[in-house]
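Working notes, structure below.
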Amino acid sequence: MQGGTPTAPMRSTHRVVRRVGWAATCAGLLAGLPWCALEAQQDGAVSGTVLAADAASPLPYAIVTLVSLPADSAGTHSSGPDGDHVGTVVTRHDGTYHFSDIPPAAYRVHIRCIGYHAASVDVELRRPTGVNVSVALEVAPVRLRPIEVQAVSLDLYGGGATQASGAGRGRIEIERWRQRSFLTSDVRVLTHEDVLSAATFGDTDPFRALQRLPGVTTRDNWTAEIWTRGAGWDHTRVYFDGLPLLNPFHAGGMTTAVNDYVLGSVLFHPGVRSVSLGEGAAGVVSLTSRPAGGIGDLRGQGTLNWLGVGLALERRLFGGRGGALVAARRSSPDGSGVVPKEFTDVVARIDADLGAERRLELSGIWERDWIRQPLDAGATHNTFAWGNLGARATLDMPVSGVFSRHTIGVSRFDVTARYTEEGALLAPVDAFRQVQAHTDGVIMYLTANGEFGSPMPDEYETGWRAGYALTHQSLQYEGAAPAPHPVQTFSSAATREGRLTVAAVWAEARWKAASRLSVQGGIRVEGSEALANAAPVRLAPQLAGRYALADRLTLTAGMGRSYQYLQSLAPAGVRVGPGLTTGHFWLLAGDSVPVLQNDIVSLGLERWLGAGLLASVNLYGRRGTGIALVDPTPGPLPETPNVVEGHNRAAGIETAVRQLAGRLTWSAGYTYSFSEIEAAGRRFPAAEDRRHAFDITSIWHVPFRILGGSISLAQAYTAASGAPYTRLHPGERVCDGEQGLCETVVPDVAGEPNASRGSWHLGLDQRLDWERKFSAWRLGFYFHNRLALGHRNNVTYTVSRGGPCRRSSVDAAYCGDREDRFERDVQYSDILAGVKIWF
C-alpha cells in the first residue's frame, strides 16, 4: 500500500541474512582468526573478494571457510569444505575477506551465501606469502517464508557504505517495488544512483536531483528549492522521519542540510498520496533515516569538498540487536567565495530490538546557519542565524496480533537577525534602502501519532491500515516584513502570532477488485477550531487504482484532497546572493488566515519497453484554494503589505523514459504545464509557471580502470522556459544617515502581476567520479563542472527602470525606454572538487 512498507519476503531475507552473518562472525571469533590482521606475518595469508556474478558487485555477508587438505587431495574437485577446519570469516561490506598466519600447505576455500550457489577453490601455499582468491557467485534464488515485520529497514536510497560496496538494491527491483507499493505512477523513489546521474551542484544533493524530474522545476541555478507542478516551494512539505523541516537547506538555499549518508529512502509524492501523510498541498518529500548497517564492525565515511568537511560513523551493537548511526558536517571557515556562509548539521539514529517483536527507534537532526560577516559597507558586525531542530521516538509493537507503530516528536525552526551597528543599510536600488529590522521568529511543531493494520507486503492482494495524529503548531514572529519583490519594498516591521491544534484519524484499505485491477481507498478526518475558510471538521478522501492492460503495460488513476495549515506569504530576511534569502514569512491558519486546500486528479501510463527501460506518461489537474498572497493589484505600493486570498489552477502532461540498468543509464523527461492564480479580481500566471521543461541525465560506468580505480561520468542537461515576474519601478526616498530614518517621496510602483517572462533557463552540469578499493577501505575523488555550456542565466529579476533619470512624482513619465534588470548567474572558471573515504 502507499505507506511504502517493504515486502514480507524482503524483510525475512534481510533478517535471515543478518542472523547468518552474526553466527558466522561468532564462529570466526571463536576460531581466533582476526580477518583484519596485516599481511606482514611470519606465515602466509589467503585473501580475496567475493562478487555477485550477475552484477559484478561486491557481495557482503558471504561466509568463507578455509580448510587444510591432505597432500593427495589437493587439486581434486569437491563441492564442500572437506578437510581440517582452519577458520571461518564473513566478507565485509566491500566483499573482501582475509585469513592470516597461514603456514605453507594445501587448502580449500569454500564460499557460500544465501541466494547464491556455493563455490570451492583449491589453493596451495608453497612459501610464506599472500595468495588472492576472488570468486564470483552465481545467483540461486531462495523463496523464504514471509515474516510479518513492519519495521522499515530497507536501504532504498543506498547512499551510505552500501553505495561504495555496490550492495544496494538494484534500481529495477526498486521500481518494481514502487509499482506494487504505490498505485499511482507519478510517485518517485530516489536512489543514490539517481542523484549521481543528476550531476548535482558540489556534492550529492537529493533536492537538486529532484529538480531533474518531470513536473519539477526551480527558480534558478542557485537554489535547491523545488517547484512542484507550478506551485511555490512552501506548498511542498519536507518530512524527515515524519517531522517537518521548514528550511532543509544551507547557505541561503544553495545546498541540502540533510546528510545523504544517513538516508534510507527518499520518496517524492507530487500527486495523490496515502491519507497517512499530513500537510503538503502540492507535494511531499519524505526523507527517512536508515538503521546502522554492518556486522558489528565500525563503518563510516569522511568527506572534504568546497562546502566543508563531514564525518559519518555507524555500528551494530549488542550482538546485532541494536545499532547507532551519526553523521556531522561543518562548512569551510572562509565561505564559498560567492555568498557568505557558515553552517553545521548533525543527524543521529539509534535502534534497539526490545524482544517480543518490539523495536524502538530514536532519531534527531540539528542544522544551523550563521552569517557573521558584513553584507555591505554600513554593517560591520551583523549576526544572522537560522535552522531546524527535530527529534522523535518510535515504538513498533504488536497489539492483539495486529501490527502497530507509535511516534512522538518535536520540530522547531527559528531565525534571528541582529544588527550590532546602528543604521545597517544596503542599497540594491536606491541609496540608504534599509535591509531588514531586527528579527526573531520561532515555529514549533509537536506531534503524537500512530497506526495499526494488517501486514502490507506487496504480494498480498488486500490489506488495511488505520491511524491517529495529534499535532500542535505555534508561530511567533517579529521583524522584517515579507519581501514578495526582489528588493525590500515594505519598510514597516511585521508581527505575527498563532497557535493551532489539529486532531486527525484516518483509515485506508487495498483490495483486488479484479484479476488485473488493484484499488486503494482511504479517508482522513481532521478537526480543529473553525478556520477562516473551513469548518471545524474537514474530510480528505483519497482513491487510487492500477489496471494491468498487458504484462508490461499498466494504467493508473487517482484523486485526492489534502490540507496545509502553515504556508509562506513571501520570502523574508536578508538576501545573501542571487535569489537567496535567509527564510520565509510564514502564516498559520486561524480565524483570519485561510487553510490551504488542494484537490488533485491524475492519470498515468507505464510500460516496460525492455530490460531496464521504463517509459511513463502522467496527466494531472490541481485546484488549490486558500492561498495567502500579497495583494497583486498594480500601482503604488503601501508601507505595509495587504494580504489577500487566492486560488490556483494547474494542469500538465509529464513524459519520461528511463534506462535503469547497465553501464550506461539515462533518463529523459519533458513536461508541458500551466499554473494560474486568481486573486484580487485578476487572473495571472503563477510565479512558478514554467510552460516547458526538458531534462536529460545520464551516467556511464566506464568499463576500464584508471590508476587502479573505477570511473563514472555523469551529465545532466536542463532547459526550461522563462518564469513570470512582476515589473517593479523604484520610487524615491530621502534619508537621514545620522538618524537612520528614510522618508518616501515617491513610492515604489508595481506593474501588472506576472505580466512579463524571463529568458529560457539553460544548464549543463558534468560530474566525474573516481573510486578505488584498498583492502577494507575505499577512496574516491569527484570533480564537478558547473554550467559547462558557459551560459549565464538570468537568476533573479531586480527592477525595471525607465531610463537614466528618476521620477519626481507618481504620475511622471519614465525617462526613456523601459529596461528590466536581472542579477546574473556567476560563471565558474574552476572545477569544483571533493574527496570521500569509505571505511
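General remarks:
- Against the numbered list (1) open to solvent by less than 20 Å² (accessible area, probe 1.4 Å); (2) among the hydrophobic types (A, V, I, L, M, F, W, C); (3) not in a strand (DSSP E or B), ALA540 comes up short only at (3).
- The listed residues are GLY202, GLY215, GLY242, and the only one of them that is touching a residue at least 12 places away in the same chain (Cβ under 8 Å) and open to solvent by 20 Å² or more (accessible area, probe 1.4 Å) turns out to be GLY242.
- Pairs where the first residue, in region 120-135, is touching a residue at least 40 places away in the same chain (Cβ under 8 Å) and farther than 8 Å from PRO104 by Cβ and the second is of a type in the set (Asp, Glu) and open to solvent by 30 Å² or more (accessible area, probe 1.4 Å), C-beta under 8 Å, 6+ apart: GLY130/GLU39
- Wholly enclosed strands (runs of 3 or more DSSP E) of region 638-695 bearing at least 1 residues among the β-branched types (Val, Ile, Thr) and open to solvent by less than 30 Å² (accessible area, probe 1.4 Å): 664-679
Matching residues to (1) open to solvent by 40 Å² or more (accessible area, probe 1.4 Å); (2) among the aliphatic types (A, V, I, L, M); (3) at pLDDT below 90:
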residue: GLY401; (1), (2), (3): yes, no, yes
residue: VAL410; (1), (2), (3): yes, yes, no
residue: GLU422; (1), (2), (3): yes, no, yes
residue: ALA427; (1), (2), (3): yes, yes, yes
residue: GLN434; (1), (2), (3): yes, no, yes
residue: MET444; (1), (2), (3): yes, yes, no
residue: ASN449; (1), (2), (3): yes, no, no
residue: MET456; (1), (2), (3): no, yes, yes
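- Restricted to region 267-313, and to residues there that are under 20 Å from ALA393 (Cα atoms) and among the aliphatic types (A, V, I, L, M), the residue that is most open to solvent (accessible area, probe 1.4 Å) is LEU277.
- Filtered by the rule that a residue be free of Cβ contacts under 8 Å to residues at least 60 places away in the same chain and either at positive phi or in contact with a His (Cβ under 7 Å, 6 or more places away or on another chain) (or both), region 297-309 gives a lone residue, GLY308.
- Residue within region 606-614 that is of a type in the set (Lys, Arg), open to solvent by 10 Å² or more (accessible area, probe 1.4 Å), under 30 Å from ARG499 (Cβ atoms) and in contact with a strand residue (DSSP E or B) (Cβ under 8 Å, 6 or more places away or on another chain) present: no
- Total residues in region 108-125, condition open to solvent by less than 20 Å² (accessible area, probe 1.4 Å), not in a strand (DSSP E or B) and not small (Gly, Ala, Ser): 1
- Test for LEU325: is it modelled with pLDDT of 90 or more, surrounded by fewer than 18 Cβ atoms within 10 Å (Cβ to Cβ) and either among the basic types (Lys, Arg) or farther than 20 Å from TRP386 by Cα (or both): no
- From the list TRP506, TRP464, the lone residue that is aromatic (Phe, Trp, Tyr) and open to solvent by 30 Å² or more (accessible area, probe 1.4 Å) is TRP464.
- Tallying residues that are modelled with pLDDT of 90 or more, part of a strand (DSSP E or B) and open to solvent by 70 Å² or more (accessible area, probe 1.4 Å) within region 718-772 yields 2.
So that you can scan it fast, the table gives a plain yes or no per residue for (1) in contact with a helix residue (DSSP H, G or I) (Cβ under 7 Å, 6 or more places away or on another chain); (2) in contact (Cβ under 8 Å) with a residue 40 or more places away in the chain:
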{"residue": "GLY252", "(1), (2)": "no, yes"}
{"residue": "ASN259", "(1), (2)": "no, yes"}
{"residue": "PHE268", "(1), (2)": "yes, yes"}
{"residue": "VAL272", "(1), (2)": "no, yes"}
{"residue": "VAL284", "(1), (2)": "no, yes"}
{"residue": "ALA292", "(1), (2)": "no, yes"}
{"residue": "ILE295", "(1), (2)": "yes, yes"}
{"residue": "LEU311", "(1), (2)": "no, no"}
{"residue": "GLY320", "(1), (2)": "yes, yes"}
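- When VAL601 is tested against (1) in a loop (DSSP other than H, G, I, E, B); (2) among the β-branched types (Val, Ile, Thr); (3) within 25 Å of the chain's Cα centre (by Cα), exactly one condition is not met: (1).
- Restricting region 511-531 to residues that are more than 33 Å from the chain's Cα centre (by Cα) and among the small types (Gly, Ala, Ser), the residue that is most open to solvent (accessible area, probe 1.4 Å): SER515
- Test: residue in region 131-151 that is at pLDDT 85 or above and within 23 Å of LEU614 (Cα to Cα): no
- The number of residues in region 481-510 that are within 28 Å of the chain's Cα centre (by Cα), more than 12 Å from PRO641 (Cα to Cα) and outside any strand (DSSP E or B) comes to 1.
The values are calculated or read from the model by the stated rules, or taken from the named source; none is laboratory data. Remember, predicted model here, so these are calculated numbers, not experimental data. FYI the Cβ positions are ideal-geometry reconstructions off the backbone, even for glycines, and counts take in every protein chain you see. With ligands, DNA and RNA removed, areas are computed over all heavy atoms of the protein, side chains included. Shrake-Rupley method; radii C 1.70, N 1.55, O 1.52, S 1.80 Å.
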